[in-house]
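Let me begin by presenting the structure, written as structure tokens, before commenting on it.
What follows draws every value from the coordinates through simple rules; no lab data is involved. Small disclaimer: the values here were computed from a predicted structure and weren't measured. Counting neighbours? That spans all protein chains shown, and the Cβs are built from the backbone with ideal geometry, glycine included.
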Amino acid sequence: MTVPTITLNDGHHIPTLGFGVFQVPPEDTAATVRMACEIGYRHIDGAQMYGNEKGVGQGVRDAGLDRGHVFITSKLNNAFHPPDDARRAFDTTLRDLGFDYVDLFLIHWPLPTLYDGDFVSTWKTLEEFKADGRARSIGVSNFGIHHLQELARETETVPAVNQIEVHPYFTNDEVRAYGTEHDIITEGWAPIARGAVLGDPVVIRIAKSLGVHPAQVVLRWHIERGDVVFPKSMHAQRIRENFEIFDFEINDEEIEALTALDKGEAGRRGPHPDAFAYLPE
């Protein structure tokens, strides 16, 4: 099965479905990534703060795949926003992965209460990585509209993606709409609301009518809305099920029913980007 791709605003192509390695233990990452690649995933979503980038690179190599056949994302560690720190951190990512480039590199969080609220200089540093070819595309994660507007005022490069929390209980449609207007692809993290939506009667009803699993319905909803999504699991059967979402469709009425589950801020499962200030030790 070939996963469809979306063309980014810089001309590169990103698979709409990927495999996430958040909270995959470092000692298990290589085997888990290899398993995902063998199932068919060609997009791995990682980050410096996940602490498992060595395993990501090793897993791709163990699967016997050419580097150019796998789309690899990493994200900047929150503790390394100043430009010189960001440069060193990026060098570390490439060294840990064992590759000479990443397909996509993101600012993980805007951290507006830290670094005197300066994420613009950090973004300009990522522009350097794109210019020298070591990051094919660059983007952001957890940026709100006002954060994106500041980048638009102060810098030249429009982020290729904005990776944000999105799921039926928190559709985040205002940020998504800004992205659509400015040619910024939305990537959705916590795509099944950390499991909270799987028991929802609407999700269960649609899953039963289609003869698929609830998680597959929700992942397909993301795809139908035009977003990129990367579920995570360490279990082979679930990894496979999450991949098998392109042999059925959900209709407009079902998409609308799932979207109507939105609870606004009450549905958010992760931290608010304006308040999040985590710095790893």
- Identified option (computed volume of the Cα convex hull per residue in Å³; candidates [x] 121; [y] 158; [z] 136): [x]
- Residues whose placed amide H lies under 5 Å from that of residue 163, excluding near-sequence neighbours: 140, 141, 142, 143, 187
- Query: So in the chain, what percent of DSSP beta bridges are antiparallel if you round to the nearest 5?
  - Reply: 15 percent
- In whole angstrom, how long is each semi-axis of the equivalent ellipsoid of the stretch 223-272, when you take the square root of 5 times every eigenvalue of its Cα gyration tensor and sort them from largest down? 23, 19, 9
- Message: Give me the one-decimal Kirkwood hydrodynamic radius in Å for the stretch 1-136, with the sum taken over alpha-carbon pairs.
- Response: 15.3 Å
- Message: Place a point 7 Å from Cα of residue 22 in the direction of its Cβ. Which residues in the stretch 94-120 have their backbone N less than 20 Å from it?
- Response: 103-113
- Plugging the Cβ-Cβ distance of residue 88 and residue 209 into 1/(1 + (r/R0)^6) at R0 = 41 Å yields, to the nearest 0.05, a FRET efficiency of 0.20
- Item | Average silhouette area of the stretch 151-281, convex hull of alpha-carbon atoms, in square nanometres | 10.0 nm²
- Item | Gain in span if fully extended, residue 266 to residue 253, counting 0.36 nm per residue against the direct Cα distance | 2.3 nm
- Task: In a Gaussian network model over the chain where Cα atoms closer than 10 Å are linked, find which of 58, 149, 216 has the largest mean-square fluctuation.
- Result: 149
